[in-house]
Structures are given as C-alpha cells and as structure tokens.
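Below you'll find the structure, written out as structure tokens, and then a few comments.
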Amino acid sequence: MAKLKLALYWAAACGGCDVAVLDINEKILDVAKLADIVFWPIALDFKYHHVEAMPDKSVDVCLFNGAIRSSEQEHIAKMLRSKSKVLVSFGSCACFGGIPALANLTTRAEIMERAYIEAPSNENPNKTLPQTKVSVPEGELTLPELYDNVLTLAQVVPVEYFVPGCPPTVDLILKVVNALATNSLPPVGATIASDKTLCDECDRKKEKKMISRIYRTHEIIPDPERCLLEQGLLCMGSATRGGCGALCVKVNIPCRGCFGPPAGVFDQGAKLVSSIASIYQTNGKQDIEKMVNELVDPAGTFYRFGMSVSMLKRRIPQKT
Amino acid sequence: MKKITIDPITRLEGHGKIDIFLDDAGDVANAYLQIPELRGFEKFCEGRPVEELPRIVPRICGV
Amino acid sequence: MLKKMLEQFGIDEKRLMLEWVSASEGDRFASIVNNMTEQVRALGPLNWNQGGKHG
Ligand code: SF4
Ligand code: SF4
C-alpha cells in the first residue's frame, strides 16, 4: 500500500491532543511506517503556504483538534477540508467546543477587556486592544478576527469522523490508526467511541438511592465503590458517551462529560438536569430551593466541554 | 520594503506569527512577533467554582 | 434548576413556566397557555443565535 499522507492541526486548543498522539509511544513508529506527515505545527516546520500549495484532496487524513473561534482558524479549517479526503474532528474542543467554549458564557468584548486591560499583570494605560490591521513604520501587520462565538469544526465544514476526549485516549487513537492501516474505517459520520453512556461502562455499585444533598467535590471523600451521583456528587456519566475507560470515576472523581452526549441525547445539560431532578428527594418548595442553591454553576458544569453543541450555544447578549 | 512572514511558528505549543521587514540593502529593519490567538481563560474562569478550576486550567496548555 | 441554568445563559426567567394541570382542568390549561403566550410575546424575540460567528 502506498504511504498515506497525514496532516494534523490545532485551532483553539491546548496542544494536549497533539501530545496525546505522541502518547501512543512506540506505536508512533507504526504511524511513521503507515503515513508521511505533511503538516503538523507542533512538531514539524511546514507553513500555511505549503498547505495552500498542495493539490485538493491530496491529504489522505487530517486529524483536526481545537475549536473555531477566529477567522484564521475558520480559514485553515476550510483549507484543510478541501485538501483532505478524510477530515477527523479530533478531541473535545473540535467536537463540542471543549473548555474554550466556556467563553460562550461571556463575549469577545468582555474577554478583551479582562485580558488586555483589567488583568493585574498588564500595563496598558492607553487601553490598546489587538486590531485586525495595524500600520507600523515599515508596513502593515495583520491579525485574525476573534469571533464572539466558539464553534465546533463540524459547524464550519463537513467532517467525516469524530474522536471525542480531552484528550482522546491512547486506545481510541490506536483504534483510528488501526482502522487506517487496515482500511476499515466506519461509516462516515461515526463517532469513534462507545454508543452507550459512561454509566454503562462504570462498575461502581448503583443502588437506586435518592439523594438529599448535592456535595461539591471538596466537601466529601466519596466511597470508592458506590456510584458518585448517588453519593451526592455531580457526576455526568448518565449524560456522557462512554469510551474513555471511566478514567475519572475510577480515581474517585466525578465525570465532567468530556466525551460529549451519547448517541440519541440531544442536549447533554438538559439530560443531566432531568437525571438529578429525578433522584433528588424533595418534599416541597424549600427542598427545591436548597437543591438549586447547592448547585453552584449548572451551565459551567453541565456544559463543561459541550457548550458549542448545546441547544442554547451561548449566553444571549442582553439588549442595551 | 520587503516582508518575510513566518506563519505559523512551529514546534511549540500555541500560535505565533513573525513578520520581518527588510530594508533595501536586504538587512533586517524590524521584526514583529504577534500571537494570533486568544481563548479567554482570564474571563471565563470567573464564575466557575474554585474546586473545579483544577479541571479547567490544565487546558491552558497541554504540552 | 433549569431556571438557574437559563439565567446563566441570559434568558429571562419569565420565559419558563412550570405548572401542574390535571387532565380535567381544561379551562385552566387554556388560560395558562394563553397567559404564557402573551407573556413571551410581550418579551419579544429571543435573539437566539444558532451558532454564527458573532453573538
Ligand atoms: S453517575 Fe458516575 S459514578 Fe454513577 S454510575 Fe454513572 S459514571 Fe458511574
Ligand atoms: S470520565 Fe468523563 S470527564 Fe473523565 S475522561 Fe471520561 S468522559 Fe471525560
């Protein structure tokens, strides 16, 4: 088989997805045998103009991580789409917005204000903010435009496969590599993970117990055998796709939903609200108020990794 | 004046772009480094419960 | 719980109503739905953005 041409790119991301690809350790040699890497900013020196010069559909597979929140990221996403036969939305930021999409609870103006003017480490008396075009004595400098909304890759271009995870686990990455090696990719549109919920693959004891209090993670040390949700901790397992190997819940930490909604769930947060409402013991109004008070940050918890694919997508800008 | 643009800067975490301006003799007249990315952790961490931050801020840089 | 979350999304709490109506309370049901419709109409459109680039 001729060697595949592989591209990797990061948009609004942390680099963790790129490092996860390296975490497959010696298996990376199999990847090197299988494919030539034609673009990978974290590791190799190819520039945007090199990619631009490639013929359309000349890249066999592109693993794209990171969300889309600027004109540059959108431009590169479109460019890599037209250059690639198979585009993979790689990692939770590309699939659901990820942590960067928490910014959808704020606005571009608020972010700029905080980062460039108010932040105590800044000295910016003239309140200069980044501009898309600046004239300097020697010529002109340009910067991409920052969008108000953080989008997923699939909200910008069509995508063949989704690999969730923050970052995707070694097992899932190897699954992708093997599928490429044996030319046995699943049907287009597939998510490479489980179709079931995380609760399905979690072996904690579920006793169908009601809870009378929601605890914050620092308030109790949970029993390592029993379901975390039934101990009053907000665990997102019931509204989250399995396939991670229950990494967090195995170390006594409640799931935060980085694998996104499971097949058939339209809105991850709404699903969790109904899960909690159904196990919280309430006898009247005060109990409901108490529950609501114990839940400190519903939007930032239930959509921790999935704001961009939620039903509401962002905070509605207030009319002025 | 001639401009050389290096975009993106590679082999590091994060996005960067360098514009180098050359004068008529071909010497470097000035160089600018710009960071074409901002995610806004400074802002969106506000309002999140403090015990949750250890699960949010690692995504500033995962390298 | 839903109300608190919607508030974080900037949605007026007047847009969400939770009522228990029995199947036999037809008139009450109709009047609640009418009131809610009026209330939401008075608030006007939500400016709900379906994932564009700008809020
Ligand atoms: S809610 Fe969490 S702890 Fe409980 S079964 Fe589901 S994944 Fe496991
Ligand atoms: S348990 Fe939840 S947050 Fe942890 S890796 Fe799995 S899906 Fe992600």
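The values are calculated or read from the model by the stated rules, or taken from the named source; none is laboratory data. Keep in mind that what you see is a predicted model, and the values were worked out from it rather than measured. Every residue, glycine among them, receives a Cβ derived from its backbone with ideal geometry; neighbour counts consider all protein chains shown. Areas reflect the complete protein model, heavy atoms only, side chains present, ligands, DNA and RNA absent. Shrake-Rupley method; radii C 1.70, N 1.55, O 1.52, S 1.80 Å.
State the answer as a single residue: which of B:ILE6, B:PHE41, B:ILE18 lies farthest towards the positive end of the charge dipole of segment B:2-60, with beta carbon charges of +1 for Lys and Arg and -1 for Asp and Glu, about the Cα centre. Looking along the dipole axis, the top candidate is B:PHE41. Computed about its Cα centre, the charge dipole of the protein assembly as shown is approximately 900 debye, with only Lys, Arg, Asp and Glu carrying charge at their Cβ. Connecting C-alpha atoms closer than 10 Å in a GNM of chain A, tell me which of A:ILE220, A:ILE173, A:ILE211 has the biggest fluctuation. Ranking A:ILE220, A:ILE173, A:ILE211 by mean-square fluctuation puts A:ILE220 first.
The distance between label points at A:ILE221 and C:GLN39 comes to 4.7 nm (points 7 Å beyond Cα on the Cα→Cβ vector).
For the protein assembly as shown, a Kirkwood hydrodynamic radius built from all Cα pairs, placed in the Stokes-Einstein relation at 37 °C and 0.692 mPa s, yields a translational diffusion coefficient of 138 µm²/s. Sorted largest first, the spans of the alpha carbon positions of segment A:108-147 along the three principal axes are 32, 24, 12 Å. Counting lysine pairs in segment A:198-309 whose alpha carbons fall under 24 angstrom apart, excluding pairs fewer than 8 residues apart on the same chain, gives 15.
Working note: Karplus 6.51/-1.76/1.60 with θ = phi - 60° gives segment A:101-115 the couplings 6, 4, 4, 5, 7, 10, 10, 4, 4, 5, 5, 4, 4, 5, 6 Hz, where Gly and Pro are set to x.
For the pair A:LEU29 and B:VAL63, label points projected 7 Å from Cα toward Cβ lie 2.6 nm apart. For A:LYS127, the aspartates and glutamates whose Cα falls under 14 Å of its own Cα, not counting residues fewer than eight places away in the same chain, are A:GLU110, A:GLU113, A:GLU118.
Entry comment: accessible area of the protein assembly as shown is 48 Å² per residue, from protein heavy atoms only and a probe of 1.4 Å. Say a site is exposed when it is one of the GluC sites (Glu not before Pro), sits in a DSSP loop, and has at most 11 other Cβ atoms within 10 Å; what is then the longest site-free stretch of chain A? Formally, the longest exposed-site-free interval is A:1-122. Shown in residue order for segment A:240-255 are the 3J(HN,Hα) couplings computed by the Karplus curve 6.51 cos²θ - 1.76 cosθ + 1.60 at θ = phi - 60°: 10, 5, x, x, 7, x, 6, 3, 6, 5, 5, 9, 6, 10, x, 5 Hz (x for Gly and Pro).
The alpha carbon centroids of segment A:21-41 and segment C:9-48 are separated by 56 Å.
One chain, two ends: A:VAL265 and A:GLU140. Fully extended at 0.36 nm per residue, the span grows by 40.2 nm beyond their Cα-Cα distance. Among the trypsin sites (Lys or Arg not before Pro) within segment A:72-156, those in coil by DSSP and having at most 13 neighbouring Cβ atoms inside 10 Å are A:LYS127. Defining a contact as two alpha carbons under 8 Å apart and six or more residues distant in sequence, what relative contact order in percent does chain A show? RCO, chain A: 18 percent. Maximal additional length on extending the B:LYS3-B:ILE35 stretch stands at 9.7 nm, based on 0.36 nm per residue less the C-alpha distance. Counting only other chain Cβ atoms within 10 Å of each residue's Cβ, the peptide A:285-296 averages 2. Hey, which lysines would be in cross-link range of C:LYS53, C-alpha to C-alpha under 20 Å, not counting anything within fewer than 8 residues on its own chain? Qualifying lysines at Cα under 20 Å: A:LYS78, A:LYS133, A:LYS313, A:LYS319, B:LYS43.
If you run the Gaussian network model on chain A, springs between alpha carbon atoms under 10 Å, then out of A:VAL86, A:VAL59, A:VAL273 the most flexible one is A:VAL273.
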